[in-house]
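S.K.: Below you'll find the structure I mean.
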Amino acid sequence: ASAAGAAAAVFSGFAFVPATFNRLHLTTVGSNVLYGSQLKMVADDIDGKSIASTIRSEIKDAVTKLKADHGDDAGTPGLAVILVGTRRDSQTYVRMKKKACEECGIASFGFDYPEDVRQADLLKKIEELNADDKVHGILVQLPLPKHVDEDAVLNAVNPSKDVDGLHPLNVAKLCSTSTHVGSTKVNW
């Protein structure tokens with residue numbers, strides 16, 4: 001589903017009411033309906049465009065505050081996007097990211113490469129972006145061509161600048177249970 005027309009199913013709490021004497025008991029809690037002992041979840045559509053607009057507005061406000069507090073150069077977050085090849089779906093996605101950056105006041109740096117780019121050239125660019133203080137996030141648009149080792153490229157991105165969270169350390173952090181209250185965070 002596209003971001004423009006996204007709808008999500010939201011399930012609220014439910015209660016269990018046992019059926020007795022073969023009679024049908026109907027109980028509703030939030031959006032869920034209980035028929036006897038069988039729970040039927042009913043989805044509520046949410047307005048993805050409205051939620052995205054609210055989030056972008058909040059991000060824009062935060063970026064404006066960063067710029068006011070730290071000056072335009074030091075306070076402007078920067079996103080670098082690496083695109084390899086001419087896949088239309090990838091180009092559309094990257095174009096949407098650039099537009100979102102523009103709307104929010106985030107600096108966007110695009111680096112487009114031909115399908116036959118050398119892996120060494122991609123790794124060199126990632127090394128440069130990792131060291132660039134104006135770049136706070138790096139997005140490598142996937143898929144990469146077959147001759148490029150996707151793992152090597154993704155692993156080259158500094159984990160603290162890995163926008164997609166695909167660096168192995170970021171995946172490990174996501175898979176740990178440290179997101180739960182009271183858990184001990186693993187220091188990767």
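S.K.: If I go through the stretch 108-130 residue by residue, how many of them are more than 22 Å from the chain's Cα centre (by Cα), among the small types (Gly, Ala, Ser) and closer than 21 Å to Gly165 by Cβ?
M.R.: Kept after step one, since they are more than 22 Å from the chain's Cα centre (by Cα), are these residues of the stretch 108-130: 113-125, 127-128.
Subsequent filtering for residues that are among the small types (Gly, Ala, Ser) retains 120.
So of that shortlist, the ones also closer than 21 Å to Gly165 by Cβ come out as none.
Final tally of qualifying residues: 0.
S.K.: How many residues does the stretch 47-92 hold that are in a helix (DSSP H, G or I), surrounded by 11 or more Cβ atoms within 10 Å (Cβ to Cβ) and acidic (Asp, Glu)?
M.R.: The total comes to 3.
S.K.: Going by the conditions given, is Leu123 open to solvent by 40 Å² or more (accessible area, probe 1.4 Å) and touching a helix residue (DSSP H, G or I) at 6+ places or on another chain (Cβ under 6 Å)? Show your work before the answer.
M.R.: On the way: open to solvent by 40 Å² or more (accessible area, probe 1.4 Å): yes; touching a helix residue (DSSP H, G or I) at 6+ places or on another chain (Cβ under 6 Å): yes.
Against the criterion (open to solvent by 40 Å² or more (accessible area, probe 1.4 Å) and touching a helix residue (DSSP H, G or I) at 6+ places or on another chain (Cβ under 6 Å)), Leu123 qualifies.
S.K.: Got a number for residues in the stretch 94-108 being closer than 24 Å to Val148 by Cα and surrounded by 17 or more Cβ atoms within 10 Å (Cβ to Cβ)?
M.R.: Filtering the stretch 94-108 for residues closer than 24 Å to Val148 by Cα gives 94-95, 97.
Filter again for surrounded by 17 or more Cβ atoms within 10 Å (Cβ to Cβ), leaving 94, 97.
Residues meeting the conditions: 2.
The values are calculated or read from the model by the stated rules, or taken from the named source; none is laboratory data. Here the structure is a predicted model, which means the values were calculated and not measured. For neighbour counting, all protein chains shown are included, and Cβ atoms are generated from backbone atoms with ideal geometry for every residue, glycine included. The accessibility values were calculated without ligands, DNA or RNA, using every heavy atom of the protein model including side chains. Shrake-Rupley method; radii C 1.70, N 1.55, O 1.52, S 1.80 Å.
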